[in-house]
Each structure stands twice: as structure tokens, then as C-alpha cells.
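The values are calculated or read from the model by the stated rules, or taken from the named source; none is laboratory data. Just so it is clear, the structure is predicted and the values come from calculations on it, not from any experiment. Here the Cβ positions follow ideal geometry from the backbone for every residue, glycine too, while neighbour counts run over all protein chains shown.
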Amino acid sequence: MAAALLSVVIPALDEEGRVAHAVRSVRDDAEVIVVDGGSTDGTRAEAAAAGATVIVSERGRGAQLAAGARAAGGEWLVFLHADTRLEAGWADALRTLPPRVVGGAFRFALDPSRPAYRWLEAGVALRCRLFRLPYGDQGLFARREVYSRIGGFRPLPLMEDVDFVRRLRRAGPLAFPAVRAFTSARRFERRGMLATSLRNLWLLGLYSAGQTPARLARLYEGRELTVPNAPGSNSKLP
């Protein structure tokens, strides 16, 4: 039996200096599609030189992921951030999953590696084990048939990964292979590990309480500085 075709979709926006590493980590085992959201640097040229097919879509990770999935031909769809690279063996891990598995994510790891980050990585592993809720920086994947059946990624400005995973896990069992997804630690280094983690939890809590992704995007970008009073008032999580 022929091995299942794999497609990797990488949304990007001004990721020159990083996107090539993501492409090179998967190009020998998969079709690679980089979806550019309007970069003003050399992202598109760098991705193409590394071996990816480059397409352009409207800006926004949810919209870019959906555009890439439409262009992909694989039986498995893998969604990888432009600052994330997969460890060797990821393709074999995916192809040997039981037929009942509908999707999942790889093991979160921060790059560069530091002892303090082991606590954060362990916390992510615990979240996945207890709540089956991986985030986009772990390299989400899904069978194409299931992806289409649940409606794929929605064009949300934030929480597109949480929204997708919640629908995916209702479709069947998720798997979490031991293969690592090495993600840039830049956001933790910029804001601090504790502050970044608390901010992510705060945004997730607001989303679970009914805040719209559009409102959360404004909070994330700093255009609103206070927590809204009404949960129902008028998604990488970062």
C-alpha cells in the first residue's frame, strides 16, 4: 500500500529568517505550502528557495490556514507555524497512527532549550493529557476527510486553533506523538515566561466565557487595556 501523502501548511507574515527552517524540517516528507498574508520582507522568496509552494491570501492566521488547506492535496494536513520546526520522524509517526485517530498535535518544545522552559513544556503536556487541547504552536494535524467534515479553520483573528481543536476532538480520538515541535521562544523571551503564560490563560478564559475573537484580538494587540465587564459583550493563542 502506498504511503499516505502528507501536506504541511505554514501561514506566514514577515517571517524572513525563520520560515526556511520550518520548510526544511518537513520538505523531504511532504508537500509544503506557505501561505503569505502580505509580508513586506523576504518571506515569500525565502520560503520558495527552501522548497515550498508559496501562495498569497488575506491576512489572518485562520484565513491563511484555510487557504492553505484548500490548496493542499494530502490525506493528512499538518498546520505548522512559521517559527516552528518538526523533529525527524514526524512523518512516520503520522502515517502509523491507528485509523480511528482523527488528528492531534506533536510535543511542544521551546527553542532555544533552557532548563526553565522544561516546566512550561511539562505544563503543556499535562494540558494535552487532561483536556486534549493542543495549541497551534505544537503542529496541529488532521485527516483531510475529517478536516472537511468539521468545517476546517474559520477566519478568526485569534483563537482559530482552539476553535478548530474543540471541533476536531468531537469528531474522534486525538493523538499526541512523542515527536517534538520546536517552537521559537521569542515571545516568552520578549515578555517573560510567567507574564506570557498568564496572558495566554487570561485570553483563553475570556474566550471560554464568551468573548469574541475580534475583541480578544484587540486586547492582545493592546488596543484595549482593561478586561471587559460583560462576558458576552462585543486564535498561535499567541
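In region 162-198, which residues are basic (Lys, Arg) and over 16 Å from Gly136 (Cβ atoms)? Result: Arg170, Arg190, Arg191. Across region 169-199, the number of residues qualifying as among the β-branched types (Val, Ile, Thr) and under 29 Å from Leu94 (Cα atoms) comes to 2.
Annotation for region 128-142: no member residue is small (Gly, Ala, Ser), modelled with pLDDT of 95 or more and surrounded by fewer than 17 Cβ atoms within 10 Å (Cβ to Cβ). Which of the residues belonging to region 54-75 are outside any helix (DSSP H, G or I) and out of contact with any Ser or Thr (no Cβ under 7 Å at 6 or more places or on another chain)? Matches in region 54-75: Val54, Ile55, Val56, Ser57, Glu58, Arg59, Gly60, Glu75.
Give just the number: which of (1) surrounded by fewer than 18 Cβ atoms within 10 Å (Cβ to Cβ); (2) modelled with pLDDT of 90 or more; (3) part of a helix (DSSP H, G or I) does Asp163 not satisfy? The failed condition is (1). With respect to the numbered conditions (1) within 19 Å of Ala12 (Cα to Cα); (2) of a type outside the set (D, E, K, R); (3) part of a strand (DSSP E or B), which one is the sole condition not fulfilled by Ala48? Unmet for Ala48, out of (1) within 19 Å of Ala12 (Cα to Cα); (2) of a type outside the set (D, E, K, R); (3) part of a strand (DSSP E or B): (3). Take Glu145 and decide whether it is assigned to a helix (DSSP H, G or I) and under 24 Å from Ala20 (Cα atoms). Taking the combined requirement at face value, the residue does not satisfy it. One residue stands out among those in region 171-209 that are outside any strand (DSSP E or B) and at pLDDT 95 or above: the one that is surrounded by the most Cβ atoms within 10 Å (Cβ to Cβ), which is Pro177. Has region 102-109 got at least one residue that is farther than 22 Å from Leu5 by Cα, of a type outside the set (Lys, Arg) and part of a strand (DSSP E or B)? Checked against the condition, which is being farther than 22 Å from Leu5 by Cα, of a type outside the set (Lys, Arg) and part of a strand (DSSP E or B), region 102-109 yields at least one hit. Ala109 meets each of the listed conditions (1) in contact with a Lys or Arg (Cβ under 8 Å, 6 or more places away or on another chain); (2) modelled with pLDDT under 95 apart from (2).
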